Each structure stands twice: as C-alpha cells, then as structure tokens.
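Below is one structure; the comments refer to it alone.
The values are calculated or read from the model by the stated rules, or taken from the named source; none is laboratory data. Keep in mind it's a predicted model, so treat the numbers as computed, not measured. We work out accessible area using only protein heavy atoms, side chains counted, and drop any ligands, DNA or RNA first. Shrake-Rupley method; radii C 1.70, N 1.55, O 1.52, S 1.80 Å.
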Amino acid sequence: MSGQLLLFVALSIAVIGLSVVLAMMLLQLRRTIRQLESRLDSALRQTEMTAEDLRRTNAAVREILGHVERITANAALVSESGRHLRKTLDLASAGVTGIVLPVLGGVSGLASGARAFIETFINRYSRKEEENHV
C-alpha cells in the first residue's frame, strides 16, 4: 500500500467516525429538543391553568368587594340613621327636661299643697266636731 492510499483510508475512516459522532450528537440534540418541547408544553398548560385560577379568584374577590361595599353603605346608612335618632332623642330629652319636668314639678307641688290643705281642713273640721260633741 502506498502512502497516498493509506492517507485516503485514514481520512475515510476519520470522516466515517466524524459522521457517526455527528449523527449521534444530532440524535441526542433531537431528544433534548423533544424534552424541551414537552416541558415547555407542560409549563404552558400549567400557566394557562394558573391564569384561569387567577381569573376565577379575581372574580370571587370582585364579588366579595361588592359585598363589602354594600355592607359599608348599609353601615353608613345605619350610622346616619343613628345620628338622626340621637338628634331626635336629644330634642325629646330637652323637651322633657325643659317642659315636662317643670310641669310635673308644678303638678306635684299643687297635689302636695291640695293634700295638705285637705288634711288641714279635715283635721280642723273633725276637731271642731269633736269639741262640739264633748
């Protein structure tokens, strides 16, 4: 064998070896790409499910916030009604203090005076009758 033929055989074997190595590397690269595609698909599905869960949660939170707003409005209405009731009670209390209590005091004084007068009158009248009978 000549040196040139030996060189061609060595180069042919090197090319064949390089082709086999490149083919194996391409096969491994293809498997890796398929795994990445599978994982990416799984991650996208998971992201879609998470987005759907967030959408549902957002809807639930909006509903809760709507209820909270209605409760707040009701509480404000009750509070305002309480203020009006308190003003009414304050006016009624002032009326009782300024009008009813003095009238009641006058009536009780009049009743006490009338009672004392009647008791005194009865006592004097009954004494005169007792004096006349004795």
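Table for the structure above
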item	result
Degrees between helix 101-133 axis and first principal axis of the chain (Cα, 0 to 90, nearest 10)	30
For segment 71-78, 3J(HN,Hα) per residue [Karplus equation, 6.51 cos²θ - 1.76 cosθ + 1.60, θ = phi - 60°, Hz, x = Gly/Pro]	5, 4, 5, 5, 5, 5, 5, 5
Quarter of the Cα convex hull surface for the chain, i.e. its orientation-mean projected area (nm²)	21.4
Calculated from backbone phi, Karplus (6.51, -1.76, 1.60) coupling profile of segment 52-61 in Hz, x at Gly/Pro	5, 4, 5, 5, 5, 4, 4, 5, 5, 5
Over the chain: helical MRE at 222 nm, DSSP H runs n ≥ 4 each giving -39500 (n - 2.57), nearest 500	-35500 deg cm²/dmol
Calculated from backbone phi, Karplus (6.51, -1.76, 1.60) coupling profile of segment 87-94 in Hz, x at Gly/Pro	4, 4, 5, 5, 5, 5, 5, 5
Rounded Å value of the spacing that divides the Cα centres of segment 57-120 and segment 1-47	92
The chain, accessible surface, carbon-and-sulfur percent (1.4 angstrom probe)	67
